[in-house]
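In what follows, a single structure is set out as structure tokens and then discussed.
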Amino acid sequence: MTGVESGEPGAGSGRGPAVIAVVFTALVLAVGVGWWNWPEKTPPVQLDVDFSGAVPEVREAIETARDRVRLAPESGEAWGELAMLLRAHGYDRPADESFRRAQRLDANEFRWPYLLGVSLENVDPVEAERCLRRALAVAPDLALPRLPLAELLVAAGRSEEAATLFGEANELEPLNTRAMLGLARLESDAGRLAEAESLCRQAEEIAPQNRMVQELLARVLFRQGRREEAERLRRRLETMPQVETSDDPFVAEVLILRRDPNWIAVKAQTMLDQGLTQRAVEYLETVIANHPGRIRFPLQLARALGGAGRPAQARKVLERAVTEFPESAELRLVLGLVLGEMEELAEAAESFDAAIQRKPDYAEAWVWRGRTLRDRMKIEEAERCFRQAIRFRPALPDGYAELGTLLLAAGRVGEAVDALETAVDLSPGTVSWRRRLFEARRRLDR
């Protein structure tokens, strides 16, 4: 157990050398047993951090941040950084105390009241509301602080206030899906299902892979009696990843501070989702050097390099990983994607073939093999690949969309309409597929 305490020494005048010596000796002894005493104008704050079970990386990071606080006890930034590290690793109570100290010392910094408010939403809604309103006062031009505050008010039954905040956020950021989703939930709760569906559809066009949008849309459709559409959405949800990183840049900043090895993959993905590609690349390169023999990290690094426009480097990473993990179908798939990006289509097709050989029901590999063959004008083989993808994953919208596009180009308009209708049913938010379906129907009606 490690403690941090800040306090004000007793006031007095005419202190002689003997008194000063006693005070200094007491301070040294206190530091020796793990307590720090600093002259402060605020009441003492004690932080207890139980490091039992913590990996060395976590303890070292927190102790380094704690040392910065000891050296600069009046620095709101130092307290805030300590608070973020504590929060990232689940030390909630000392994190809360550190955030409180940070916002007292640095009243013009948005992050400290905001992060404290977000953390307290489900623990102390009253203090959470105070913190979020303070954050909003510091940064009134940001949409972000309005969103958790509005969600807090919804939970408290204060829907009108929440609607105002969601509306303001939507005006500040018209493409903010969280604001749209908040408004959609309010419309749904009020029984205005058509309005709720319209807002969900708008959010879906912006973020088609957002689970919360899909879940709310499925509930709205079910309440409208459109059970088949709702069931299709629920089946699609089963194929979407359960673990999501935060789209809140300030919460993501906290997540990125995680030091424990079990959090590596989420931390790297959070960096990528926030557009911190180079930082993710450097982090993953270090991780791979320190944690050899794990297939997930080379895959993430290759995707990061590909996203950064460095396919040649991604190819080298993947080719090394393929040597280490020769039976991995996923590595072969991603290598094929990189080769396709480099316009080496024959090699890409071979890599997709290798993925399918290792995993014959790998629907995504069948789709990408079909795309590569289509680009090489091998239309019949491409059609077979798309049909295989649909066979193995009947709820995979890409298979139907690619098949429909191929059939439309071949003049088989009726079959194209059927395939594209299924694709749009499975993924209504994909605008390009809806346009293609409109074109196919128009040609069918001629």
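The values are calculated or read from the model by the stated rules, or taken from the named source; none is laboratory data. These numbers come from a predicted model, not from an experiment. Cβ placement follows ideal geometry from the backbone for every residue including glycine, while neighbour counts extend to all protein chains displayed.
Scanning segment 118-158 for residues that are part of a helix (DSSP H, G or I), modelled with pLDDT under 95 and of a type in the set (G, A, S) returns S119, A128, A155. Would you please name the residue that is nearest to V367 (Cα to Cα), looking only at residues in segment 392-446 that are in contact (Cβ under 8 Å) with a residue 40 or more places away in the chain and in a helix (DSSP H, G or I)? Ranking the qualifying residues of segment 392-446, first place goes to P397. Select from segment 342-359 the residues that are of a type in the set (A, V, I, L, M) and out of contact with any Pro (no Cβ under 9 Å at 6 or more places or on another chain) and write down the one among them that is farthest from G309 (Cα to Cα). Checked segment 342-359; the qualifying residue farthest from G309 (Cα to Cα) is I356.
Here A365 qualifies as farther than 28 Å from A203 by Cβ, outside the structural domain of G307 (by TED's automatic domain parsing) and modelled with pLDDT of 90 or more.
Quick one: would you say R442 is at pLDDT below 90, surrounded by fewer than 21 Cβ atoms within 10 Å (Cβ to Cβ) and of a type in the set (D, E, K, R)? Give the steps one after another, and end with the answer.
On the way: at pLDDT below 90: no; surrounded by fewer than 21 Cβ atoms within 10 Å (Cβ to Cβ): yes; of a type in the set (D, E, K, R): yes.
No, not satisfied.
Of everything in segment 147-190 that is charged (D, E, K, R) and more than 20 Å from the chain's Cα centre (by Cα), the residue that is surrounded by the most Cβ atoms within 10 Å (Cβ to Cβ) is R185.
In segment 92-110, which residues are surrounded by 23 or more Cβ atoms within 10 Å (Cβ to Cβ) and either hydroxyl-bearing (S, T, Y) or under 27 Å from A150 (Cβ atoms) (or both)? If you could, list the steps in order and put the result at the bottom.
To start, the set of residues in segment 92-110 that are surrounded by 23 or more Cβ atoms within 10 Å (Cβ to Cβ) comprises 94-95, 98-99, 101-103.
Within segment 92-110, A95, S98, F99, A102, Q103 meet the criteria.
When the residues of segment 200-256 are filtered to those that are assigned to a loop (DSSP other than H, G, I, E, B) and modelled with pLDDT of 80 or more, the one that is surrounded by the most Cβ atoms within 10 Å (Cβ to Cβ) is N210.
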